[in-house]
Amino acid sequence: MLIEAFQPLDAPVPDDLTVPQFFLDPYDHPLKPPRPDDVTLFIDGPTGQRVSWAEARQRTAALANGMHLQWEIKEDEAVCIFSPNHIDYLTVVWAIHRLGGVVSSSNPTYTTDELVHQLKITKVTTVFVHPAFLKTVRDACQKLGIPDDRIALISPAPPSHSHLSVNDLIAKGSQQKQSFVERRLSPGEAKKKLAFFVLSSGTTGPPKAVAIPHYSLIVNVIQIASHDILTPGIPPENKKTTPGSVMTGVLPFFHIYGLISNVHSMIFHAVPIVVHAKFAFQEFLDSIVRHRITHLMVVPPMIVLLCKHPLVKKYDLSHVRFLNSGAAPLSPELLGPLSEVLPNAIISQGYGMTETATAVTMTPITERMCKPGSAGHLVPGVKMRIVKEDGSLAKFGERGELIVYSPSNAIGYYGNDKATKETFIDGWVRTGDEVEYTESGDLYIVDRLKDLIKVRGFQVAPAELEGHLLDHPAVADVCVVPVPDEYSGELPFAFVVLHAEAAKRVSDPKEAAALKKALEKHVSDVKIKYKWLSGGIEFTDTIPKNASGKLLRRLLKDKAKQLRKE
Ligand code: 4UW
């Protein structure tokens with residue numbers, strides 16, 4: 001099947017603006033509502049502190065100036081943000097962009113080794129960190145020779161602290177006149193000029209840095225806006241956002257879903273975002289009520305809690321008008337209970353990838369509830385091919401791998417031509433997702449063909465865990481696969497072949513249990529929590545491989561599922 005754009009993208013898309021020039025500077029766009037300067041952009045969930053449009057613009061300009069005075073950030077220099085969500089997160093992002101730099105956004109609970117990998121592959125020179133995660137950053141920077149004075153804090157620190165904070169840099173920048181000239185891009189340049197590095201393992205191998213230009217984010221926000229507005233017959237009361245809408249901001253801003261669909265898309269519609277550093281269920285429910293949040297962007301585990309947690313009965317969530325789920329499959333059984341918890345909400349699903357930066361499909365806004373299992377329709381401007389195992393194109397209702405062309409597609413994996421060539425082919429992206437497409441225009445994500453595990457929507461690359469497990473002296477061979485889990489969606493499960501001596505020892509159940517513990521610790525010592533082997537470990541004699549030596553993961557995936565049931 002070859003679909004040449006389900007809907008064309010008719011709205012204008014500037015290709016000579018950076019992200020802050022498009023979102024912060026005066027720029028008229030037919031899909032953008034008018035926005036007074038005092039309109040609120042961010043609300044800090046716990047304290048209620050507000051940041052207006054005008055303040056965000058002013059803080060961004062002062063921070064960029066302070067950063068330039070302090071460090072002289074150069075064109076295309078990469079700056080890492082190692083922080084949970086924060087009301088100044090976007091101030092830092094946009095200041096880096098004003099200086100021509102690239103944002104390398106990172107999960108702040110990464111371990112030192114994981115951060116070292118990210119800083120190295122994205123060639124970071126400077127890091128903004130939340131004080132709670134300073135130790136990891138200092139250790140990683142020390143390993144890489146990044147000087148201590150290139151570390152700044154995203155939130156204010158006690159006066160005795162040796163690192164500058166965003167507030168210090170803003171104070172410095174606002175005391176002096178602008179020390180740098182913000183570059184204007186030439187027509188078409190926004191398609192090449194890098195804005196973000198976001199990590200993804202793609203279809204195989206360890207995490208790589210997806211190179212996302214400014215245009216990708218801007219065009220995807222316009223695609224999402226067009227999708228909602230272009231949907232035929234949309235009644236005004238069903239418009240996704242209206243004045244008075246308030247959006248939750250619990251999805252991590254360092255992940256592509258949080259960064260584009262949750263944050264920038266809502267900023268485009270002038271919808272305030274209630275920022276929470278982390279997802280804690282009761283705080284989330286309190287926040288929805290306290291801030292009269294009307295719009296929720298979530299991942300499936302949050303929906304499991306909304307449907308099953310006893311606390312929910314104590315809350316009136318009838319003012320919620322919209323919920324979108326993405327980043328992992330949403331179980332159809334949850335739709336009924338969810339519509340009881342949120343009786344007045346449109347329930348929508350979106351599908352996307354870091355490499356497509358980001359949304360590829362979304363539920364049409366006219367549907368009050370997404371069709372069970374359907375990730376929705378292609379957003380305007382997206383073309384797709386569905387390719388069957390034998391290389392031929394699938395027909396309606398037939399399964400195959402989804403290959404996507406979106407104007408938002410990223411450029412490739414930074415500094416990794418080999419991996420880029422395998423996934424980015426003439427502007428098309430191989431998704432590694434198995435899908436079915438119906439005549440009504442619905443895309444169903446039916447399975448994952450690629451070597452990727454998704455734990456609570458976060459990526460876990462089997463190759464990364466396999467490489468690390470092979471470093472353990474008892475391990476001769478290994479294969480890591482996903483096993484289903486009701487809350488997390490999937491968990492990593494390892495099949496391990498032991499060296500002869502260790503294999504002899506594990507015939508004793510006590511020894512076997514001790515070695516499993518040791519392997520779990522081997523992973524948990526250096527990997528972030530969602531990568532831990534929480535699905536289980538099974539000792540086995542061989543890892544099944546085909547004639548050319550390729551791991552037969554499908555076989556082991558089924559076996560792991562069976563073992564977990566027993
Ligand atoms: N159903 C089944 C889904 C789904 C899914 C993603 O970490 P990444 O690279 O990226 C994401 C992005 C999610 C996203 C982006 C934009 C958007 O609007 C939205 O919903 C509104 C969600 O997760 O992982 C990409 C991989 O995650 C799986 C799929 O395997 C994909 O290749 N995935 N969304 N709705 N699976």
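The values are calculated or read from the model by the stated rules, or taken from the named source; none is laboratory data. Just so you know, these numbers come straight off a predicted model, no measurement behind them. Glycine also receives a Cβ, built like all others from the backbone with ideal geometry; neighbour counts cover every protein chain displayed. The area values use the complete protein model at the heavy-atom level, side chains included, leaving out ligands, DNA and RNA. Shrake-Rupley method; radii C 1.70, N 1.55, O 1.52, S 1.80 Å.
Annotations
- Any hit, segment 49-56, residues being over 26 Å from the mean Cα position of the chain (by Cα), within 28 Å of HIS291 (Cα to Cα) and not polar (S, T, N, Q): yes
- Segment 335-391, residues that are over 21 Å from VAL435 (Cα atoms), among the hydrophobic types (A, V, I, L, M, F, W, C) and not in a strand (DSSP E or B): LEU338, VAL341, LEU342, ALA345, ILE365
- HIS97 being closer than 20 Å to PHE279 by Cβ, touching a residue at least 12 places away in the same chain (Cβ under 8 Å) and crowded, with 18+ Cβ neighbours inside 10 Å: no
- Residues in segment 342-377 that are in contact with a strand residue (DSSP E or B) (Cβ under 9 Å, 6 or more places away or on another chain), open to solvent by 20 Å² or more (accessible area, probe 1.4 Å) and within 13 Å of the ligand (Cβ to nearest atom): TYR351, GLY352, LYS371, GLY373, HIS377.
- Tallying residues that are among the basic types (Lys, Arg) and part of a loop (DSSP other than H, G, I, E, B) within segment 118-138 yields 1.
Yes/no per residue for (1) at pLDDT 95 or above; (2) among the hydrophobic types (A, V, I, L, M, F, W, C); (3) within 11 Å of the ligand (Cβ to nearest atom); (4) open to solvent by 40 Å² or more (accessible area, probe 1.4 Å):
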position	(1), (2), (3), (4)
GLU422	yes, no, no, yes
LEU443	yes, yes, yes, no
VAL446	yes, yes, yes, yes
ILE453	yes, yes, yes, no
GLY457	yes, no, yes, no
PRO462	yes, no, no, no
GLU466	yes, no, no, no
ALA476	yes, yes, no, yes
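- Among (1) of a type in the set (A, V, I, L, M, F, W, C); (2) open to solvent by less than 20 Å² (accessible area, probe 1.4 Å); (3) in a loop (DSSP other than H, G, I, E, B), the one test that PHE396 misses: (2)
- Flag if LYS516 is assigned to a loop (DSSP other than H, G, I, E, B), buried (at least 18 other Cβ atoms within 10 Å of the Cβ) and at pLDDT 95 or above: no
- Test: residue in segment 402-414 that is farther than 30 Å from PHE254 by Cβ and either more than 9 Å from the ligand (Cβ to nearest atom) or crowded, with 19+ Cβ neighbours inside 10 Å (or both): no
- Matching residues, segment 297-330, being within 16 Å of the ligand (Cβ to nearest atom) and either part of a helix (DSSP H, G or I) or within 25 Å of ALA54 (Cα to Cα) (or both): PRO300, PRO301, MET302, ILE303, VAL304
- Those strands (runs of 3 or more DSSP E) of segment 425-502 in which at least 1 residues are over 27 Å from LEU306 (Cα atoms) and in contact with an Asp or Glu (Cβ under 9 Å, 6 or more places away or on another chain), considering only elements entirely within it, cover 428-437, 475-485, 489-498.
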